[in-house]
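What follows is calculated from the coordinates using simple rules that are stated; it is not laboratory data. Here the structure is a predicted model, which means the values were calculated and not measured. Every residue, glycine as well, gets a Cβ built from its backbone with ideal geometry; the counts of neighbours run over all protein chains shown.
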Amino acid sequence: MKEDTDLREDFPILSQEVHGKPLIYLDNAATTQKPQAVIDRLSNFLSKENANIHRGVHYLSMNATTLYDEARSSVANFINAESDEEIIFVRGATEAINLVARSFCNEKLEPGDEILITEMEHHANIVPWQLVAGENGARVIPAPITDEGEMDLDQFESLLNERTKLVAFVHVSNALGTINPAKKMVDLAHQKGIPVLLDGAQAVAHQKVDVQDLGCDFYVFSSHKIFGPDGVGVLYGRKELLNKMTPYQGGGDMIEIVSFDGTTFRPSPERFEAGTPNISGAIGLKAAIDYVNDIGWETIHEKESLLKDHAHESLEKNPSIKLVGTAENKVPVVSFTIDSAHPHDIATILDTKGIAVRAGHHCTQPLMKRLGLSATTRASLSFYNTIDEINQLTEALKEISALFES
Amino acid sequence: MEDLSDLYQEIILSHNKRPRNGEPLIPCTHQADGFNPLCGDKLTVYVRKPDDLVDEISCDTEGCAISRASGSIMTTLVQGKKISEIETLIEETKALLTGDEEPEIDLVQHGDMAALIGVRKFPARIKCATLAWHALESALKGEVDATTE
């Protein structure tokens with residue numbers, strides 16, 4: 001295990017200045033920064049190991065194929081999938097959800113059917129379902145949340161019915177930080193025989209994910225939100241479901257035999273990986289997973305829970321600040337509003353101080369509407385952030401609220 | 001906050017807090033909505049123009065300080081002007097906020113809009129400053145909506 005004092009130094013981008021001030025990067029829910037180990041792995045692959053996979057009989061191609069397969073195994077172990085064949089590399093969480101909407105739901109849905117989601121979903125876990133539901137005369141139903149940003153489990157349960165063909169919900173909310181009681185929700189759906197997809201985009205960087213323990217049928221996440229490269233992500237699906245699904249895209253590598261009379265398809269994962277995949281991305285993701293495993297969840301939890309508590313306590317002391325999302329069980333994502341100052345003004349002023357935050361609706365417009373807000377400012381933390389950075393945020397917000405209230 | 005003196009100065013903060021002509025103007029002869037899908041700024045420009053002269057104008061904005069101040073300042077500049085003058089003003093304001101060349105400020109001509117040129121340093125925010133002006137243009141053309149996209 002690494003000494004945690006070294007951790008910040010693993011991320012070269014964090015040592016730079018922005019607008020003449022040391023960078024304070026608090027936009028980790030948008031994307032995480034990359035440790036040197038990931039940068040080196042990508043660089044080494046591209047400079048010494050690059051080749052296409054599954055095609056060549058030459059050394060580099062066979063080696064790249066092995067590396068790509070190892071990346072798949074690494075992901076399978078990381079989320080405790082039963083087998084490597086349950087891991088499909090895609091472009092990101094969004095594509096994984098679209099894949100399930102097309103290849104799993106499209107055939108199943110009939111007029112009057114329902115897909116149950118929640119009020120706290122990211123647009124990526126709303127729009128693909130709306131598209132496929134719309135084409136089939138089905139409907140997307142949002143399960144309500146409380147004002148604190150937690151699921152109302154009684155209402156969730158009461159919305160599960162014989163018309164519900166899939167339940168899809170966010171494991172951890174990007175806008176609120178809420179960690180949903182996923183296992184309990186999966187159980188409730190399974191009691192009625194309904195399959196479940198979990199959007200884990202915001203979960204994987206903060207906690208151990210065990211898909212078998214959760215019991216979900218599909219789990220999706222993006223590499224770039226867990227210190228890996230962008231442009232690659234993962235769809236986990238239970239094998240018996242995947243091999244019954246229609247292919248998502250057609251092309252090379254996903255076929256058994258192609259003729260002009262018809263084509264037969266390979267089983268998962270190749271069935272869903274048409275064309276040359278993001279080979280370097282998958283290998284970079286493995287390096288990111290190795291890095292996280294090397295630090296260990298215990299260290300990550302310890303650091304992140306200190307940062308989260310300090311951020312909440314510090315911001316709550318400012319009477320102008322209203323926290324948005326105060327669930328009991330949260331990752332270190334702190335959304336807030338200041339009555340006198342619009343989130344975009346707050347974010348612009350913070351930027352001039354070198355502090356990077358996100359302002360806006362966070363791709364959760366229905367959630368903002370539910371909470372009666374147009375936008376929030378969001379500081380999303382990672383283990384490499386520091387107490388001092390939070391203190392600087394707190395001070396800057398004091399100045400901002402004073403400026404706009406003057 | 002010396003870095004901010006260019007953008008969040010008193011003029012802007014004052015227009016943000018108390019927008020001039022910020023209430024809906026009903027009835028009106030021309031009206032258009034402005035929407036910036038990127039950040040969610042929403043506004044409506046109302047114009048009363050019985051002839052070639054804008055008698056009254058208002059801009060009702062839900063959004064950031066930059067979009068609110070820009071709309072408020074716009075109404076003060078446009079009120080009582082002829083359409084041909086307003087068309088020139090719209091072009092000049094766009095050049096002021098987005099033009100390639102560093103603008104020369106004419107305080108008589110530009111009035112409080114001069115306070116908004118600080119936005120040029122913040123590319124992500126320029127559309128907040130131009131939104132009301134796009135909506136004004138649409139309203140005068142008889143279009144209903146303007147977006148920044």
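When only the Cβ of Lys, Arg, Asp and Glu is charged (+1, +1, -1, -1), the dipole of region B:2-144 relative to its Cα centre reaches about 480 debye. What residues of region A:270-290 lie in the reach of a label at A:Asn52, counting those whose backbone N is under 16 Å from a point 7 Å from the Cα along Cα→Cβ? The answer is A:273-280, whose backbone nitrogens lie closer than 16 Å to the label point. Of the GluC sites (Glu not before Pro) found in region A:69-161, the ones in coil according to DSSP and having at most 12 other Cβ atoms within 10 Å of their Cβ are A:Glu82.
Cα centroids of region A:131-175 and region A:260-308: 27 Å apart. With contacts taken as Cα pairs under 8 Å at a separation of at least 6 residues, region A:40-293 carries a relative contact order of 24 percent. Which of rounded, prolate or oblate describes region A:87-144 when judged by the alpha-carbon gyration tensor and an a/c cut-off of 1.5? Judged from the Cα gyration tensor, region A:87-144 comes out oblate (a/c at least 1.5, b/c at or above a/b). Based on the alpha-carbon gyration tensor of region A:320-360 and its eigenvalue square roots a ≥ b ≥ c, which shape applies: rounded if a/c is under 1.5, prolate if not and a/b is larger than b/c, or oblate? Note, shape of region A:320-360 comes out oblate.
For chain A, the longest principal axis of the Cα atoms and the long axis of helix A:127-136 meet at an angle of about 40 degrees. Let me make sure I get this right: for chain B, a, b and c are the square roots of the gyration tensor eigenvalues over alpha carbons, sorted descending. Under 1.5 in a/c it's rounded, otherwise prolate if a/b > b/c, else oblate. Which is it? It comes out prolate by the Cα gyration axes. Between the Cα long axis of helix B:83-98 and the first principal axis of chain B there is an angle of about 20°, rounded to the nearest 10. Exposure proxy shown here: for A:Arg163, A:Arg238, the number of other Cβ atoms within 10 Å sets the order, fewest to most, as A:Arg163, A:Arg238.
Applying 1/(1 + (r/R0)^6) with R0 = 51 Å to the Cβ-Cβ distance of A:Phe260 and A:Asn293 gives a FRET efficiency near 0.60.
Which FRET efficiency value, to the nearest 0.05, do you get for A:Asp40 and A:Lys398 by plugging their Cβ-Cβ distance into 1/(1 + (r/R0)^6) with R0 = 41 Å? The formula returns an efficiency of 0.50 here. When each of B:Val47, A:Val167 is scored by the number of other beta-carbon atoms lying within 10 Å, the sequence from fewest to most is B:Val47, A:Val167. Of all aspartates and glutamates in the structure, the ones whose alpha carbon falls short of 12 Å from that of A:Lys165, not counting any fewer than 8 places away in one chain, are A:Glu107, A:Glu110, A:Asp113, A:Glu114. Local charge for A:Leu241 was computed over the other residues whose Cβ lies under 10 Å away, with Lys and Arg +1 and Asp and Glu -1, and equals 0.
Other residues with beta-carbon under 15 Å from the beta-carbon of A:Gln191 carry, at +1 per Lys or Arg and -1 per Asp or Glu, a net charge of -2.
Remark: spin-label model distance A:Thr66-B:Glu101 equals 6.5 nm, labels positioned 7 Å along the Cα→Cβ axis. Against the main long axis of the alpha-carbon atoms of chain B, helix B:126-141 sits at an angle near 10°.
The residues B:Thr29, A:Thr263, A:Thr352, when put in order of fewest to most other Cβ atoms within 10 Å, stand as A:Thr263, B:Thr29, A:Thr352. Grab the DSSP H runs of chain A that are 4 residues or longer, score each as -39,500 (n - 2.57), total them, divide by all residues and round the 222 nm result to the nearest 500 deg cm²/dmol. Theoretical 222 nm ellipticity from helices: -11000 deg cm²/dmol.
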